[in-house]
Structures are given as C-alpha cells and as structure tokens.
Amino acid sequence: MRVLMVCLGNICRSPMAEGLLRQKLAVRGLADFVTVDSAGTGGWHAGEPPDRRTVAVLQRAGAPSDMVARQIVDADFHQFDVILAMDRANAVTLRGFAPPGARAAIALLREGLSPDEVPDPYYGGEEGFERVRALIDEALEGWLARWEHEGLLRR
Ligand code: 4NP
C-alpha cells in the first residue's frame with residue numbers, strides 16, 4: 001500500500017499528513033506495510049525542510065519531521081495507490097497532471113468529512129497549524145479504519 005500526501009508547497013500540510021500517518025502506522029506496528037510520502041503541486045520550496053510550525057506540531061506528536069520538499073512528478077501517479085489532496089484546488093491540479101494510464105486514485109484527504117478541505121495555514125499563525133493538525137488527524141483515523149477494513153494494511 002503506497003500513499004502520497006499532496007498540498008501546494010509541500011512544506012506545511014502534506015509533510016504534516018505524512019509525518020502523522022507514519023507515526024500512527026508505527027504505533028500500530030504497520031509501518032512495514034505502508035509507504036508514505038508527500039509532494040507539492042508547486043515546486044517553489046523544493047529542497048526545503050518543512051515549515052518550522054509544521055516541524056513543531058510533528059515534534060510534539062512524536063512524529064518524524066525529516067522531510068524534504070519536492071514537486072510531484074509523473075512517476076508518482078504510477079507508483080502510488082492513492083494520492084490524497086489537502087484541498088480541492090490541489091485535487092483539480094492533480095487531475096490535470098495525471099498522465100495516461102495512471103494507477104493512483106486521487107481523493108481529498110477529508111473526503112466525506114466536513115469541512116472537506118485542509119486550509120492553507122502558511123500566512124496565518126501557530127493556531128492555524130494546530131487546526132490543520134486536528135483536521136488531518138481526524139481524516140487519517142478514517143482512512144486507517146477503511147484500509148484496515150479493506151485488508152490493505154498487510155503485505
Ligand atoms: P502548503 O502551504 O501547501 O501546506 O505547503 C504553502 C506553503 C507555501 C506556499 C503556499 C502554501 N507558498 O505559496 O509559498
């Protein structure tokens with residue numbers, strides 16, 4: 001099972017989703033069965049570490065925070081099973097980028113939840129990052145339950 005988290009810059013929301021999911025998988029002893037990565041639809045921050053406010057959230061959660069930002073590439077659409085977009089704009093961009101024959105299913109991280117988007121916290125304050133964390137956390141619990149139910153959290 002391979003999951004790619006995607007936002008705009010790959011420095012705030014998607015690395016947070018990647019780190020929190022990796023942490024949840026580790027706690028459940030499932031880290032070996034799921035590959036988790038993240039990328040941005042844009043490449044302006046490629047090569048940079050996550051935003052310090054995302055790093056702070058991840059460190060408080062005991063989650064990894066050693067990501068390096070990158071832009072999504074065609075190969076991602078062939079290598080990942082599911083690509084989870086943080087907001088609708090990201091999802092639209094991803095559908096436009098998807099090459100012919102792509103294997104990955106594209107969905108909103110918060111599909112079926114209200115609100116169904118994780119808002120961009122970049123220009124706000126620290127509270128925005130705590131809110132993002134709560135929105136991501138709730139969604140991840142839902143995906144984990146679904147993947148478990150579908151038998152996807154095994155080799
Ligand atoms: P992210 O946040 O998409 O959650 O990583 C952003 C980070 C940087 C920019 C936009 C969103 N930016 O325009 O530089």
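Each of 94, 84, 152, 113 has some number of other Cβ atoms within 10 Å of its Cβ, and from fewest to most they run 113, 152, 94, 84. Loop-resident trypsin sites (Lys or Arg not before Pro) (DSSP state other than H, G, I, E or B) in the range 1-68 with no more than 14 further Cβ atoms inside 10 Å of their Cβ: 28.
Within the chain, helices built from complete DSSP H runs that reach 27 Å or longer along their own axis (Cα positions) and carry a mean Kyte-Doolittle hydropathy of -1.0 or higher are 126-149. Estimated from helical segments only, the mean residue ellipticity of the chain at 222 nm is -13000 deg cm²/dmol, where each DSSP H run of four or more residues counts as -39500 (n - 2.57). Ranked by how many other Cβ atoms sit within 10 Å of their own Cβ, fewest first, the residues 117, 48 fall in the order 48, 117.
Just check the range 1-62 against the gyration tensor rule for me: Cα atoms, a ≥ b ≥ c as the square roots of the eigenvalues, rounded for a/c under 1.5, and otherwise prolate or oblate depending on whether a/b exceeds b/c. Taking the square roots of the gyration eigenvalues as a ≥ b ≥ c, the range 1-62 is oblate.
Where a number appears in this text, it was derived from the coordinates with a stated rule and is not lab data. Just so you know, these numbers come straight off a predicted model, no measurement behind them. With ideal geometry, Cβ positions are generated from the backbone for all residues, glycine too; neighbour counts draw on all protein chains shown.
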